[in-house]
Amino acid sequence: MGYRVVVVGATGNVGREMLNILAERQFPADEVAVLASRKSLGTEVTFGETTLKTQDLDTFDFAGWDMALFAIGSDATKKYAPKAAAAGCVVIDNSSLYRYDPEVPLIVPEVNPQAVHRYSKKNIIANPNCSTAQMVVALKPLHDRAKIKRVVVSTYQSVSGSGKDAIDELWDQTKAVYNPTSDVPPKVYTKQIAFNVIPHIDVFLDDGSTKEEWKMVAETKKIVDPSIKVTATCVRVPVFVGHSESINIETEDFLDEDEARDILREAPGIMVIDKREDGGYVTPIECVGDFATFISRIRQDSTIENGLNMWCVSDNLRKGAALNAVQIAELLGREVLKKG
Ligand SMILES: NC(=O)c1ccc[n+]([C@@H]2O[C@H](COP(=O)([O-])OP(=O)(O)OC[C@H]3O[C@@H](n4cnc5c(N)ncnc54)[C@H](OP(=O)(O)O)[C@@H]3O)[C@@H](O)[C@H]2O)c1
């Protein structure tokens, strides 16, 4: 007997990717229900070889369903996730709503799988922010070996991280540059994203940082180790899919770049592509549709005693969202629910 699984937000970027990954990884699902808002009622979405019709989240009864993978915004999650959890369906949530709740585990299965056992307080498990997920997969094995003290990270985040309207905005603005009669003013973003970069993701905080930057700090501490200091600059770039990060780490013990490369080669979820030659590194367009987090440009930072630099790229709709959520579902099944 397998699981009865609900995908909430199935018409969105992350929801569709969840369905693809559940099928690709042959998740032991006996039945899959797909939900979205009322306006999408009856919209068809693909799950493996089959087509499913979208149902209305507002009237759906979660009783008898084992798990629900949520990929809708925080406001709607606030209304519907407690309803699903109260009906006995374990919620795996992609929004930021529950990530910092001490009663909700925040999980990246390669890093802190043991946290899954704390799901039962609220019947909810949180999925991290896309830029945090790929970074912590790379940090964890290096932290285990040399204890990371401080991380300085700059991100280059694709527009798919802001949902389907943002993808349209980049597409339409890019076309408009070649057609002087049309003008596509920014709606999702504060400034033109086509042929531009924007050093602003999520809202500004009192200290001048943005909420996206704060998320990377708070989530790294919750998932890996509260003692790690993180400072981040998060930037939106005109890339459709795939987030990139320049990561600088300072460790307590010395870690040689060759050893770091070997450690990362052995680490779960990581693929090292690091040839010191033209093209011997990974760019976002090459990681689309892949499960791995790719690491390139591993090198010593000679300005401090124990420092390393690296380049980290991953498909934000996969490891940054849908894949991680499906991995949590697999973990929950394996360790806790034990069906299938
Ligand atoms: N994209 C990423 O890289 C990423 C990474 C990590 C986390 N997340 C989070 O994942 C969530 C989804 O992101 P996305 O990129 O997939 O967004 P998206 O492409 O804009 O899709 C949003 C989905 O949510 C549904 N929805 C919105 N409001 C709803 C409501 N009131 N009731 C029912 N369904 C509702 C939409 O249904 P309709 O089509 O019917 O409107 C659609 O299926 C967000 O919380 C986001 O922060 C995204």
Could you work out the pair-distance distribution P(r) of the range 3-102 from its alpha-carbon pairs, with 10 angstrom bin width and percents rounded to whole numbers? 17, 53, 28, 2
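In whole percent, and with a 1.4 Å probe on the protein chains, what portion of the accessible area of the chain is carbon and sulfur? Don't skip to the answer; put the middle values down first.
Details: 7730 of 15220 Å².
C and S atoms contribute 51 percent here.
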Calculated FRET efficiency, K121 and S227, Cβ-Cβ r, R0 30 Å, to nearest 0.05? 0.75
Across bins of 10 angstrom width beginning at 0, how are the C-alpha pair distances of the range 74-165 distributed, in whole percent? 15, 39, 32, 13, 1
Rounded to the nearest 5, what is the percent of antiparallel bridges among the DSSP beta bridges in the chain? 45 percent
Kirkwood Rh, the range 112-168, all Cα pairs: how many Å? 14.3 Å
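With each run of n ≥ 4 DSSP H residues scored as -39500 (n - 2.57), what mean residue ellipticity at 222 nm is computed for the chain after dividing by its residue count and rounding to the nearest 500 deg cm²/dmol? Walk me through the numbers before you get to the answer.
Details: 8 runs with 93 residues, N = 340.
-8500 deg cm²/dmol, from helical runs alone.
Taking the Cβ of Q114 as the center, what net charge do the other residues with Cβ under 13 Å away carry, scoring Lys and Arg +1 and Asp and Glu -1?
Numbers: positive: R118, K140, R334; negative: E110, E335.
Residues near Q114 contribute +1 overall.
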On full extension of the chain, what length is gained from S74 through D30, given 0.36 nm per residue of separation minus the C-alpha to C-alpha distance? 13.0 nm
Relative pair counts by distance (%), Cα atoms of the range 119-228, 5 Å bins: 2, 10, 17, 17, 15, 13, 11, 7, 4, 2, 1, 0
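Determine the relative contact order of the chain: mean sequence separation of Cα pairs under 8 Å and six or more apart, normalised by residue count, in whole percent.
Numbers: 770 pairs, mean separation 62.6, N = 340.
Worked out over the chain, it gives 18 percent.
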Tell me, what HN-Hα J-couplings in whole Hz come from the Karplus equation 6.51 cos²θ - 1.76 cosθ + 1.60 at θ = phi - 60° for each residue of the range 199-204, using x for Gly and Pro? x, 7, 10, 6, 7, 7
Taking a quarter of the surface of the Cα convex hull of the range 262-326, what do you get in nm²? 5.3 nm²
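Which whole-number percent of Cα pairs in the chain have a distance greater than 39 Å?
Numbers: 7740 of 57630 pairs.
Considering the chain, 13 percent of its Cα-Cα pairs are separated by more than 39 Å.
Roughly what % antiparallel, to the nearest 5, for the DSSP beta bridges in the range 15-140? Kindly include the intermediate steps, with their values, before the conclusion.
Details: 4 of 14 bridges.
So the antiparallel bridges in the range 15-140 amount to around 30 percent.
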What does the highest-first list of 57-63, 316-322 look like by mean Cβ count within 10 Å? 316-322, 57-63
Show log10 I(q)/I(0) for the range 216-340 at q = 0.10, 0.14, 0.16 Å⁻¹, two decimals, from a solvent-free Debye sum over equal Cα scatterers. -0.38, -0.74, -0.95
Residues whose built amide H sits under 5 Å from the amide H of S96, excluding neighbours closer than 5 in sequence, are S74
With every protein chain kept in place and a 1.4 Å probe, the range 116-234 has an accessible area per residue in Å² of 48 Å²
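Given the convex hull over the Cα atoms of the range 84-132, what projected area results after averaging over all orientations, in nm²? Intermediate results must be reported in sequence, preceding the final value.
Details: hull surface 13.3 nm².
Value for the range 84-132: 3.3 nm².
Calculate how large, on average over all directions, the projected area of the Cα convex hull of the range 181-248 is; give the answer in nm² to one decimal. Walk me through the numbers on the way to the answer.
Values: hull surface 24.6 nm².
Mean projected area for the range 181-248: 6.2 nm², to one decimal.
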May I ask you to derive the FRET efficiency for K211 and T43 from their Cβ-Cβ distance with R0 = 35 Å, giving the value to the nearest 0.05? 0.70
Can you tell me the relative contact order of the range 37-87? Whole percent, Cα pairs under 8 Å, sequence separation 6 or more. 29 percent
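The values are calculated or read from the model by the stated rules, or taken from the named source; none is laboratory data. Only a predicted model underlies this, so the values are computations on that prediction, with no experimental measurement involved. Don't worry about glycine lacking a Cβ; one is built from the backbone with ideal geometry, like all the others, and counts go over all protein chains shown. Surface accessibility is based on the protein's heavy atoms, side chains included, excluding ligands, DNA and RNA. Shrake-Rupley method; radii C 1.70, N 1.55, O 1.52, S 1.80 Å.
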